[in-house]
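Take a look at the structure set out below.
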Amino acid sequence: MDLSYPPEAEAFRTEVRGWLEEHLPSEWGTPGFSMTADEWASFSTEWTKKLSEGRWICASWPQEYGGRGLSVMEGVVLNEEFARLNAPMRADFFGDTLVGPTILKWGTEEQKQHFLPKILSGAITWCQGFSEPDSGSDLASVSTRAELDGDEWVINGQKVWTTQAQYADYIFLLARSDPDAPKHKGISYLLVPMRQEGIEVRPIAQIDGSAEFNEVFFTNARCPKENVVGGVNNGWAVAMDTLGFERGTSATTGHRRFQKELESIIEAARRNGKAQDPLVRQGLARAWSKVKIMQINGFRTLTSTLNNDHSTIALGATNKMYWSEYHRDTMELALDILGMEGQILTAARAEGDGGSREVTEFVPGIGNRRQRPGYPVSPMQASFFFSRSETIWGGTAQIQRNIVGERVLGLPKEPKVAG
Ligand SMILES: Cc1cc2nc3c(=O)[nH]c(=O)nc-3n(C[C@H](O)[C@H](O)[C@H](O)COP(=O)(O)OP(=O)(O)OC[C@H]3O[C@@H](n4cnc5c(N)ncnc54)[C@H](O)[C@@H]3O)c2cc1C
């Protein structure tokens, strides 16, 4: 297998590298470098502006919509260079990774002109309104209603687990627009402004007291008639693409954050002597092998993408299942290695208002570490908590297995319970 990249890709690498060196703070990546919540907030705003001016966010989008029209190979190189320096490369995950590509694929020209520039500049932030109290894995059973009233949709119902809803300007939501149609055929995908009277957001307290996701209640909430994406009653097909973007991963860089984290777990095991324990050694070797498999699989994905013989469904489902289960198991191992140290809150206490305010610290290589002043988790503890959710959000690991079984391997469909 030849793993070298063509000369044009290497020339582009030099361009990206030069830009990053010029624009990142000079101390970035030096040992011990981190930012407090306030420093992170102001860096983030400035950085998004620079990324947007440099047209690095969603750079594979066509130029007329603010991208650079990058080739697959250039897109890979761009990801690799940003990942190498742990430089953030997005404005808002829900905007530029989920709804942006969805609008690009399914939106009308007016929707593209109106929303895409605001997504790229970070001017509007988004949340995802798919799950409901009785519709998670069985997403097609959503019961939130959307009815046309003149030039507007009127929305009634409830969403749940809506991450970042308390900060979002817009929600992209699935609502039932034809209650008489078969369940997959009567759903519309709507773009609804969040800041209006008919929408109430109630935060859900998590185990550490923070509230990252919410319940969202719609009582005669409204959005313009034109804000339906992909056509009335065609929301299921549109939503499947959004979920594909959510499950997708950056082929050759996806393993990097796990590799960095595993290095710090191995370091902890060496420090406290657990590295001598044969079971711990086996666990670490297993984790190391899985990270290598992710890396090699990344090259395989890239090769089949370049050869145009890849299956997006197969890759999305198998990758999501593999990395999320790897991470859950490895963070359990990490907590075992830490032993009693893992049970106590050892991180420096963040300054704040005594417990209610959520703060974020940024550690390059590890990412954002969310903590509350009253619950100062270490990066490893934070990662352990979050890893519990990774086999659930974006479609559970069991649902990914069903997709692989039915749609990739062609096994018989799972039996459905009537009703
Ligand atoms: C951190 C986090 C953030 C989230 N953010 C959002 C968000 O922003 N917006 C949003 O819309 N949703 C969000 N979700 C919700 C997420 O999409 C759902 O939790 C997920 O789809 C599972 O649905 P459920 O919780 O209703 O579980 P259920 O569907 O009730 O599943 C319960 C269990 O049964 C299993 N199961 C269900 N059906 C089958 C089947 N057919 N075959 C085999 N096993 C099955 C599941 O795998 C699971 O183990 C978030 C979830 C988490 C954890």
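Our estimate of slack between S71 and E46, defined as 0.36 nm per intervening residue step minus the Cα-Cα distance, is 6.3 nm. Partner aspartates and glutamates whose Cα lies under 16 Å from the Cα of K290, excluding those fewer than 8 positions away in the same chain, are identified as E261, E263, E325, D329, E332. Each other residue within a Cβ distance under 12 Å of R13 adds +1 if Lys or Arg and -1 if Asp or Glu, for a net charge of -4. Within the straight-line cut-off of under 19 Å between alpha carbons, the lysines reachable from K50 are K118, sequence neighbours fewer than 8 places apart in one chain being disregarded. Expressed to the nearest 5 percent, the antiparallel share of DSSP beta bridges inside the chain is 85 percent.
Accessible surface for the chain, divided over its residues, is 50 Å² per residue with a 1.4 Å probe. The alpha-carbon of K413 sits under 25 angstrom from the alpha-carbons of these lysines, leaving out residues fewer than 8 places away in its chain: K183, K185, K320. Extension gain for R195-R270 works out to 21.9 nm (0.36 nm per residue, less the C-alpha to C-alpha distance).
Measuring r between the beta carbons of L345 and E53 and using R0 = 35 Å, the FRET efficiency lands at 0.30. FRET efficiency for the pair N156 and D2, taken as 1/(1 + (r/R0)^6) with r the Cβ-Cβ distance and R0 = 56 Å, rounds to 0.45. Multiplying the residue separation of A140 and Q206 by 0.36 nm and removing their Cα-Cα distance gives an extension gain of 21.1 nm. Taken about its Cα centre, segment 36-79 carries a charge dipole of about 160 debye when Lys and Arg each add +1 at the Cβ and Asp and Glu each add -1 at the Cβ.
As a rough guide to protection, the peptides 6-18, 293-305 ranked by mean Cβ packing within 10 Å, highest first, stand as 293-305, 6-18.
A Cβ-based charge dipole, computed about the Cα centre of the chain with Lys and Arg at +1 and Asp and Glu at -1, lands at about 1040 debye. Each of the peptides 93-106, 385-398, 279-292 was scored by the mean count of other Cβ atoms within 10 Å over its residues; in descending order, highest first, they stand as 93-106, 385-398, 279-292.
Which residues does a label at K185 reach in segment 104-147, if reach means a backbone N under 17 Å from a point 7 Å past the Cα toward the Cβ? Of the residues in segment 104-147, 140-142 have backbone N under 17 Å from the label point off K185. Loop-located GluC sites (Glu not before Pro) in segment 21-50 (DSSP state other than H, G, I, E, B) with a sparse environment of at most 15 neighbouring Cβ atoms within 10 Å: E27. When each of the peptides 132-139, 236-243, 338-345, 76-83 is scored by the mean number of other C-beta atoms lying within 10 Å of its residues, the order from highest to lowest reads 76-83, 236-243, 132-139, 338-345. Note on T312 and K413: with the Förster distance fixed at 22 Å, the Cβ-Cβ geometry gives a FRET efficiency of about 0.60.
The values are calculated or read from the model by the stated rules, or taken from the named source; none is laboratory data. Quantities reported herein were computed from a predicted structural model and do not represent experimental measurements. So basically every Cβ, Gly included, is an ideal-geometry build from the backbone, and we count neighbours across all protein chains shown. All accessible areas refer to the heavy atoms of the entire protein, side chains included, with ligands and DNA or RNA removed. Shrake-Rupley method; radii C 1.70, N 1.55, O 1.52, S 1.80 Å.
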